[in-house]
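The values are calculated or read from the model by the stated rules, or taken from the named source; none is laboratory data. The structure presented is a predicted model; accordingly, all values stated were derived computationally and were not measured. Backbone-built Cβ (ideal geometry, glycine too); neighbour counts: all protein chains shown.
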Amino acid sequence: MISLAEAAAQADAFAEAGDERALSKLRSDWDEELESATRSEDFRVRAVAFRAIAQFRFRQKIELLRRGLDDPSPAVRGSTLLALESLSRDHPGVINSVRPLLHELVSHDGNEAVRRLGVIALKNGSADRATIQLLTSLGADDEQPKELRDAATKIAQQLKRRAAAPQK
């Protein structure tokens with residue numbers, strides 16, 4: 001019997017290879033176990049489960065990812081942010097649907113790495129004015145950690161360029 005992490009890695013490989021049939025079968029085989037793992041008492045199991053959502057390309061589990069953003073464990077919130085960032089690369093709607101939660105996390109989370117991951121995830125959303133303002137403000141705040149300021153400044157600039165670019 002393989003673990004959820006191994007199945008997720010296998011799902012990622014199927015997705016990369018374009019083997020939709022094998023990916024679909026794996027999704028169906030692991031759907032219930034994945035959902036159950038997101039409710040585990042062990043934060044490590046939850047972190048693997050939330051990261052696996054992206055590896056399985058489960059875009060329909062955005063509501064589940066919302067729950068991961070509220071998890072008490074920084075590791076789980078970080079894994080959830082990695083999943084959101086991955087799922088949103090070609091689908092900005094993923095980020096747009098959780099934007100208020102990301103703004104809150106980026107502004108107030110107690111873990112610097114989680115805040116930085118939140119900033120990075122925001123780059124895949126649409127060029128929202130409130131997001132650009134938030135990131136610009138973070139980037140200019142000398143009381144914020146340097147890595148967070150740098151990431152916020154960089155992503156704000158990318159979003160400003162995207163907003164200024166002619167729409168296709």
Could you please find all residues in the range 101-160 being farther than 14 Å from residue 85 by Cα, of a type in the set (D, E, K, R) and part of a helix (DSSP H, G or I)? 104, 112, 129, 146, 147, 149, 150, 154, 160
Filtered residues of the range 147-168 (kept if out of contact with any Leu (no Cβ under 8 Å at 6 or more places or on another chain) and touching a residue at least 24 places away in the same chain (Cβ under 8 Å)): 147, 151, 158, 160, 162, 163
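Applying the selection to the range 86-143, what residues are hydroxyl-bearing (Ser, Thr, Tyr), more than 20 Å from residue 67 (Cα to Cα) and crowded, with 17+ Cβ neighbours inside 10 Å? Give the steps one after another, and end with the answer.
Taking the range 86-143 first, the residues hydroxyl-bearing (Ser, Thr, Tyr) are 86, 88, 97, 107, 126, 131, 136-137.
Still in the list and also more than 20 Å from residue 67 (Cα to Cα): 126, 131, 136-137.
131, 136, listed by residue number.
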Could you go through the range 71-89 and let me know if any residue there is over 12 Å from the mean Cα position of the chain (by Cα) and modelled with pLDDT under 95. no
Can you tell me which residues in the range 62-76 are part of a helix (DSSP H, G or I) and surrounded by fewer than 24 Cβ atoms within 10 Å (Cβ to Cβ)? 62, 63, 64, 66, 67, 69, 74, 75
Given the structure, is residue 142 acidic (Asp, Glu) and either over 22 Å from residue 77 (Cα atoms) or under 16 Å from the mean Cα position of the chain (by Cα) (or both)? yes
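Only one of 56, 43 is surrounded by 14 or more Cβ atoms within 10 Å (Cβ to Cβ), under 23 Å from residue 90 (Cβ atoms) and either under 13 Å from the mean Cα position of the chain (by Cα) or of a type outside the set (S, T, N, Q) (or both); which?
So the residue among 56, 43 that is surrounded by 14 or more Cβ atoms within 10 Å (Cβ to Cβ), under 23 Å from residue 90 (Cβ atoms) and either under 13 Å from the mean Cα position of the chain (by Cα) or of a type outside the set (S, T, N, Q) (or both) is 56.
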Residue under evaluation residue 4, criteria (1) over 21 Å from residue 89 (Cβ atoms); (2) at pLDDT 95 or above, criterion not met: (2)
State which residue is nearest to the chain's Cα centre (by Cα) when the search covers only the range 1-34 and only residues that are outside any helix (DSSP H, G or I) and not polar (S, T, N, Q). 18
Just checking, does the range 78-96 include any residue being in a helix (DSSP H, G or I), of a type in the set (Lys, Arg) and free of Cβ contacts under 8 Å to residues at least 60 places away in the same chain? no
